[in-house]
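Reading through the structure tokens given below for one structure.
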Amino acid sequence: MSRTGASGVDFGRRVVVVRPVGRLPVRPAVVCLALGLAALAIGVLALSTGELSIPPADVLRALAGEGSGAYRLVVVEWRLPRVLLALLLGVALGLSGAIFQALTRNPLGSPDVIGFNTGAYTGVLVVTVYVGTGYYLVAAGALVGGLATAAAVYLLAFKRGVQGFRLIIVGIAVSAVLGSVNQWFIIKVNLQAALAAAIWGQGSLNGLGWGQVVPVAIGVGLLCVVLLGYGPRLALLEMGEDAAAALGVRVEATRLAYLIIGVALIAVATAAAGPISFVALAAPQLAQRLTRTPGIALVPSAAMGAFLLTLSDWLAQRAFAPTQLPVGVVTVSVGGLYFGWLLIRQGRAQ
Amino acid sequence: MVLARSAVQPRPAVAVTRRRQGLGLVVCLGVLAVVCLLSIALGTRNISLGTVWDAFWHYTDTDDQAIVRDLRVPRTVLGLLAGVAFGLSGAVIQAVTRNPLADTQILGVNSGAGLFVVFAVGVLGLTDLSQYLWFGFAGVAFALTLVYLLGSVGRAGATPIRLTLAGVALGAVLDGVSSGIRLVRPRAFDYLRFWDVGTLAGRPMQVATTILPFIVAGTLLALLVARSLNAVALGDDLARSLGASIARTRVLAMVSVMLLAGAATAAVGPIGFIGLMIPHVVRWIVGTDQRWIFVYTVVCSPILLLLADIVGRLVVRPGELRVGIVTAFVGAPVLIWWIRRTRVSAQ
């Protein structure tokens, strides 16, 4: 709607237009739905299997608050938080990877580009060697280390704005230095401490409960809302800085905002479960190949991340039971094999 | 006449650039020679250049001369070879994948070598370098062959992006398997946390002479395909229309990476940063011609590795820091300083 002035000329005043959501692309929507359902199905499977197997029907009953007390204890108190964490952290990792790959316009782009994981690892090593172990201490060490590294990389790369390529190179250089520090720690400390740090370094959901679910859910939820608020600007940035600027995006400010969101997402995941590798790198690429979107898309990446992490965590628990592997060991294997298969299939189809 | 002049005019500019690049190369060679001498003379016990000279030409079996002959020279030669191999393999990988972020890590080289060495140490129980050296080499060959096959399925062949992603995928799987083995076998973990870092110390001359033929062959092969890689850099279609055989270029380049990275990783462990950093810095100096990039990389990479090794020997005397740790500390500040002062883009 627009108003006409006294002269009868339409000046086109500022108006609020509520457009319908437009054509929802069919293939991405179907893929997202299928991935979401698959993740939920694996979640139910994870709830029903373990030391004590519970039939899926009883699992659903226990979730609804019915059924026997023992089942409710096992399903809701013990197993549910882990499944929820796998879903939430999968979403966080997938989104974070998608943001960084779109920003750097490079399929090798990942939160590691800005040195977050390496810095988090340094923080954890410093804490375990000089302060002590304990879940919250380690999580705090990871957060401080990762955020400080990301900030340092941004500031070192800043010179009248942050050019994308300069950010990557500075990130590589800083990561290399911190990686050396980590290696120095690993060969310096005794075997026990080195092994403990290495297990944290693989990322694991072992022993996490409701105490971790609530803060993670709040964090990921808030970040998703913020991300939604930015709308399609990421896709515009991916088209190139000049094109984005021409289309009315404030490139520098928008990029900083996306960097902060991406780092915050990976920070939540790393603080909760350690640096789970490969999901952030693989999920956007896998999602892009399944949905056949031209660029990196956020929602399919998130769905793919949730699916990958839930599946990997279930395998990490059950594959060599009773030995529990860190989930990171499985994500690389599952994700890598799936990636390879997809590449082969795509090659054949061409 | 006008036509002829316009055709001839650009030549002086090219000649000047060539001369400048040639001069730069001579300067780099001089720096490399000085660094080699320092690497022989400096360490836990500093040795005068006169003694070094005597150790070569008037050997009388004193302690200092023995140190030079038995420890410092093998170490310097190994550093020279490994430096060339890590740097040049990085440059070749960046040219083949057309991705400035690629290095040996990306094509699964380190993961393949790591997995095979983990297997040799953790499952077969080998602990002697001369035994598992060949496992490291075989691991690199295995990983690169698989990556190439995986990346070249289908009619499009091994395009840079497919090669990169295949390397990432395969590297991840191999890494997952090897960290799985490590975590259930603490003895292997204990041994390999040291192998992972990479060091030039404690390698007899025999190690250097074993890897020498592989590194020479890999270097020659890389220099041979440099010209074709220039064409490939323009994109597959354009390269094909210029008459370059893309598939052959890629296969030869991958073979050269296999020889270089395989030999060096097997001998001294995975040292990552050189292959990433030196080609970047060199590219900013000499431009986009792969031939110049490769030649400069061959000369500049050992400078960084040997310098890092010397620093590692001097900072915590009488102990030493392993060269794999020091490399990033020496190189990264230079890289950051450089990227901040130049206005360069990815290519």
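The values are calculated or read from the model by the stated rules, or taken from the named source; none is laboratory data. Here the structure is a predicted model, which means the values were calculated and not measured. For neighbour counting, all protein chains shown are included, and Cβ atoms are generated from backbone atoms with ideal geometry for every residue, glycine included. Side chains are part of the model used for accessible areas, which takes the heavy atoms of the whole protein and leaves out ligands, DNA and RNA. Shrake-Rupley method; radii C 1.70, N 1.55, O 1.52, S 1.80 Å.
How far is the Cα center of the range B:114-133 from the Cα center of the range A:210-263, in Å?
So the two Cα centres are separated by 46 Å.
Calculate the spin-label point distance for B:VAL216 paired with A:VAL129, positioning each point 7 Å from the Cα along the beta-carbon direction, and give it in nanometres.
4.2
Decide, for the protein assembly as shown, between rounded, prolate and oblate: order the square roots of the alpha carbon gyration tensor eigenvalues as a ≥ b ≥ c, take rounded if a/c falls under 1.5, and otherwise choose prolate if a/b is larger than b/c, else oblate.
oblate
Pick from B:LEU38, B:LEU88, B:LEU335 the residue whose mean-square fluctuation is largest in a GNM of chain B, springs joining Cα atoms under 10 Å.
B:LEU335
In percent, how large is the relative contact order of chain A, given Cα pairs closer than 8 Å and 6 or more residues apart?
Contact order relative to length: 27 percent.
Run lengths n ≥ 4 of DSSP H only: what is the helix-derived mean residue ellipticity at 222 nm for chain B, with -39500 (n - 2.57) per run over all residues, to the nearest 500?
Calculated at 222 nm, the ellipticity per residue is -25500 deg cm²/dmol.
Could you give the angle, 0 to 90 degrees to the nearest 10, between helix A:135-157's Cα long axis and the longest principal axis of the Cα atoms of chain A?
For helix A:135-157, the angle is close to 30 degrees.
Tell me the Kirkwood hydrodynamic radius of the range A:215-332 in angstroms, computed as one over the mean inverse distance between distinct C-alpha pairs.
15.9
In whole percent, and with a 1.4 Å probe on the protein chains, what portion of the accessible area of chain B is carbon and sulfur? Don't skip to the end; give the middle numbers.
On the way: 9690 of 14620 Å².
Within chain B, the accessible surface is 66 percent carbon and sulfur.
Can you tell me the 0 to 90 degree angle between the C-alpha axis of helix A:298-318 and the longest principal axis of chain A, rounded to 10?
Tilt of helix A:298-318: around 0 degrees.
Over the Cα atoms of the range A:168-253, each weighted equally, I'd like the Debye log10 I(q)/I(0) at q = 0.23, 0.26 Å⁻¹, rounded to two decimals.
Computed log10 I(q)/I(0) values: -1.03, -1.12.
For the range B:259-306, just say rounded, prolate or oblate: build the C-alpha gyration tensor, square-root its eigenvalues into a ≥ b ≥ c, call rounded for a/c under 1.5, and beyond that prolate if a/b exceeds b/c, oblate if not.
In terms of gyration-tensor shape, prolate.
For the range A:254-298, state the average projected area of the convex hull of the C-alpha atoms over all orientations, rounded to one decimal in nm².
Dividing the Cα hull surface by four gives the mean projection, 3.7 nm².
What is chain B's relative contact order, in percent, from Cα pairs under 8 angstrom and six or more apart in sequence? Could you put the intermediate results ahead of the total?
On the way: 501 pairs, mean separation 93.1, N = 347.
Computed over chain B, the figure is 27 percent.
Report the charge-dipole magnitude of the protein assembly as shown in Debye, nearest 20, computed about the Cα centre from +1 at each Lys and Arg Cβ and -1 at each Asp and Glu Cβ.
2060
Just to check, using Stokes-Einstein with a Kirkwood Rh over alpha carbon pairs, what's the diffusion coefficient of chain B at 10 °C and 1.306 mPa s in µm²/s?
75
When the Karplus curve 6.51 cos²θ - 1.76 cosθ + 1.60 is applied with θ = phi - 60°, which whole-Hz ³J(HN,Hα) does each residue of the range A:193-210 get, with x for Gly and Pro?
Using θ = phi - 60°, the values come out as 5, 5, 5, 4, 5, 5, 5, 4, x, 7, x, 7, 9, 4, x, 8, x, 4 Hz.
Rounded to the nearest whole Å², what accessible area per residue is found for chain B with the 1.4 Å probe?
It amounts to 42 Å² per residue over chain B.
I'd like to verify something in chain B: which complete DSSP H helices, judged by Cα projection on the helix axis, reach 24 Å or more and average at least 1.0 on the Kyte-Doolittle scale? Spell out each step's value before the answer.
Numbers: long enough: B:10-41 (47 Å, 1.30); B:73-97 (36 Å, 1.49); B:129-151 (32 Å, 1.53); B:160-184 (36 Å, 1.29); B:205-232 (39 Å, 1.64); B:246-268 (33 Å, 1.63); B:290-315 (36 Å, 1.50); B:323-341 (28 Å, 1.40).
Helices meeting the span and hydropathy rule in chain B are B:10-41, B:73-97, B:129-151, B:160-184, B:205-232, B:246-268, B:290-315, B:323-341.
What would the Debye formula give as log10 I(q)/I(0) at q = 0.22, 0.24 Å⁻¹ for the alpha-carbon point model of the range A:269-350, no solvent?
Result of the Debye calculation: -1.03, -1.14.
Hey, what does the equivalent ellipsoid look like for chain A, semi-axes from the Cα gyration tensor as sqrt of 5 times each eigenvalue, largest first, whole Å? Could you put the intermediate results ahead of the total?
On the way: eigenvalues 260, 163, 76 Å².
Three semi-axes, in Å: 36, 29, 19.
Using only the Cα atoms of the range A:69-126, build the gyration tensor, take square roots of its eigenvalues as a ≥ b ≥ c, and label the shape rounded, prolate or oblate: rounded if a/c is under 1.5, else prolate if a/b is larger than b/c, else oblate.
Oblate is the answer for the range A:69-126, as a/c is 1.5 or above yet b/c matches or exceeds a/b.
What share of all Cα pairs of the range B:200-347, in percent, falls into each consecutive 5 Å distance bin?
Per 5 Å bin, starting at zero, the Cα-Cα P(r) for the range B:200-347 comes out as 1, 9, 14, 18, 18, 15, 11, 6, 3, 1, 1, 0 percent.
Taking R0 as 51 Å, what FRET efficiency do you get between B:LEU49 and B:ILE161 from their Cβ-Cβ distance, rounded to the nearest 0.05? Spell out each step's value before the answer.
Numbers: r = 51 Å, r/R0 = 1.00.
The formula returns an efficiency of 0.50 here.
In bins 5 Å wide, starting from 0, what share of all Cα pairs of the range B:65-171 does each bin hold, as a percent?
2, 12, 16, 18, 16, 13, 10, 6, 3, 1, 1, 0, 0
Taking trypsin sites (Lys or Arg not before Pro) as candidate sites, keep only those in a DSSP loop with at most 11 other Cβ atoms within 10 Å, then name the longest stretch of chain A containing none of them. Spell out each step's value before the answer.
Working: sites that count: A:ARG3, A:ARG13, A:ARG14, A:ARG23, A:ARG160, A:ARG292.
Answer from the scan: A:24-159.
Report, largest value first, the span of the C-alpha coordinates of the range B:185-285 along each principal axis, in whole Å.
The Cα atoms of the range B:185-285 stretch 55, 32, 25 Å along their principal axes.
Run the quick spin-label model on A:ALA148 and B:GLN131: label points 7 Å from Cα toward the beta carbon, then report their separation in nm to one decimal.
4.3
Under a 10 Å cutoff between Cα atoms, tell me which one of B:ILE278, B:ILE293, B:ILE325 has the largest fluctuation in the Gaussian network model of chain B.
Fluctuation is largest for B:ILE325.
Helix-only estimate, please: 222 nm mean residue ellipticity of chain A, summing -39500 (n - 2.57) across DSSP H runs of length 4 or more and dividing by its residues, to the nearest 500. Mind dumping the intermediate values first?
Details: 15 runs with 243 residues, N = 350.
Here the helix-only value at 222 nm equals -23000 deg cm²/dmol.
What is the range A:192-344's relative contact order, in percent, from Cα pairs under 8 angstrom and six or more apart in sequence?
29
So if I place +1 on the C-beta of Lys and Arg and -1 on the C-beta of Asp and Glu, and nothing else carries charge, what would the dipole magnitude of the range B:185-254 be about its Cα centre? I want it in debye, nearest 20.
Dipole about the Cα centre, nearest 20: 160 debye.
I'd like the orientation of helix A:327-349 relative to chain A: the angle between its Cα long axis and the longest Cα principal axis, in ° from 0 to 90, rounded to 10.
Helix A:327-349 sits roughly 50 degrees off the main axis of chain A.
Enter the buried accessible area of the A/B pair, total of both sides, probe 1.4 Å, in Å² rounded to the nearest 100.
Counting protein atoms only, the buried area is about 4300 Å².
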